[in-house]
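To start, the structure under review is shown below, and the notes come after it.
Just so it is clear, none of the values below were taken in a lab; they were calculated from the coordinates. Everything quoted here is computed from the prediction, not taken from an experiment. Methodologically, a virtual Cβ is constructed for each residue, glycine included, from the backbone with ideal geometry; neighbour enumeration extends over all protein chains shown.
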Amino acid sequence: MKVILKEDVESLGKMGDTVSVSDGYARNFLIPKGLCIEASNKNVKVLEHERKLIEKKLERQREQAKTLSEKLKAVSVTIPMKVGEQDKLFGSVTSKDIEKALAARGVEVNRRNIMMEEPIRSLGEFRVKIKLHPEVFSEVSVIVTGEEDVI
């Protein structure tokens, strides 16, 4: 049976590809899960229309991400942390802390998109990468300072 993939299927192909699969695989797995539709002239035209709508939506999201990226490049956040002797931090600065600091500055970013290899454990200025879109990345300057009232 020839089918048109509506989504990427790892073992078959990418969205929009026309592939041949066994009848049972198509009827019992792919079609019920919404991963494909049967290849007919009508379905090909419908899928092309849906693909154009999806591409327009993705382009709009990409443009919004680029605008936010330009805004983020100018943003610098300061996070005060408690420090002990020899300027050693109590705890660390995580993506959750950076998300809160950015939200206080009026920039909404999901903490899962803040790309940190490991939490910040020292005082200073750090550049943190943020993934806004699969194709758009930005960096934010994070300044970690010590609080004056230490235990």
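Which value, in debye to the nearest 20, describes the size of the charge dipole of segment 50-147 about its Cα centre when Lys and Arg Cβ atoms bear +1, Asp and Glu Cβ atoms bear -1, and nothing else is charged? Walk me through the numbers before you get to the answer.
Details: 20 positive and 16 negative charges, 96 e Å.
For this selection, approximately 460 debye.
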Please identify, among THR67, THR94, THR18, the residue showing maximal mean-square fluctuation in a Gaussian network model of the chain using a 10 angstrom Cα cutoff.
THR18
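What is segment 69-146's relative contact order, in percent, from Cα pairs under 8 angstrom and six or more apart in sequence? Write down the numbers at each step before the final one.
On the way: 139 pairs, mean separation 31.9, N = 78.
The normalised contact order for segment 69-146 reaches 41 percent.
Under 1.5 on a/c is rounded, so check that first for segment 108-151, then, if it is not, pick prolate when a/b is larger than b/c and oblate when it is not; a ≥ b ≥ c are the square roots of the alpha carbon gyration tensor eigenvalues.
Taking the square roots of the gyration eigenvalues as a ≥ b ≥ c, segment 108-151 is prolate.
Under the rule a/c < 1.5 gives rounded, and otherwise a/b versus b/c splits prolate from oblate, where does segment 3-89 land using the Cα gyration tensor?
Details: a/c = 5.79, a/b = 2.32, b/c = 2.50.
Oblate shape, in that a/c is at least 1.5 and b/c is the bigger or equal ratio.
Given +1 on the Cβ of Lys and Arg, -1 on the Cβ of Asp and Glu, and no further charges, what dipole in debye does segment 2-62 carry about its Cα centre, rounded to the nearest 20?
Working: 13 positive and 10 negative charges, 63 e Å.
Roughly 300 debye, rounded to the nearest 20.
Taking N as the number of residues in segment 69-146, what is its alpha-carbon radius of gyration divided by 2.2 N^0.38 Å?
Details: Rg = 12.5 Å, N = 78, 2.2 N^0.38 = 11.5 Å.
Rg over 2.2 N^0.38 Å, computed on Cα atoms: 1.08.
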Express the relative contact order of segment 2-62 as a whole percentage, based on alpha carbon pairs under 8 Å and six or more residues apart in sequence.
33
Build a GNM of the chain with springs between Cα atoms under 10 Å: which of LEU68, LEU30, LEU132 gets the top mean-square fluctuation?
LEU30
Candidate aspartates and glutamates - alpha carbon under 14 Å from LYS42, same-chain residues fewer than 8 apart omitted:
GLU50
Among PRO119, VAL21, VAL136, whose Cα sits farthest toward the positive end of the charge dipole of the chain (+1 at Cβ of Lys/Arg, -1 at Cβ of Asp/Glu, about the Cα centre)?
VAL21
Loop sites only, by DSSP: take the GluC sites (Glu not before Pro) in the chain that have at most 13 other C-beta atoms within 10 Å and name the longest stretch containing none of them.
11-107
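Decide, for segment 1-41, between rounded, prolate and oblate: order the square roots of the alpha carbon gyration tensor eigenvalues as a ≥ b ≥ c, take rounded if a/c falls under 1.5, and otherwise choose prolate if a/b is larger than b/c, else oblate. Write out the running numbers ahead of the final one.
On the way: a/c = 1.38, a/b = 1.12, b/c = 1.24.
Taking the square roots of the gyration eigenvalues as a ≥ b ≥ c, segment 1-41 is rounded.
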For segment 1-53 and segment 103-151, what is the centre-to-centre distance using only Cα atoms, to the nearest Å?
42
Any chance you could get the radius of gyration and Dmax over the Cα atoms of the chain, in Å?
23.7, 74
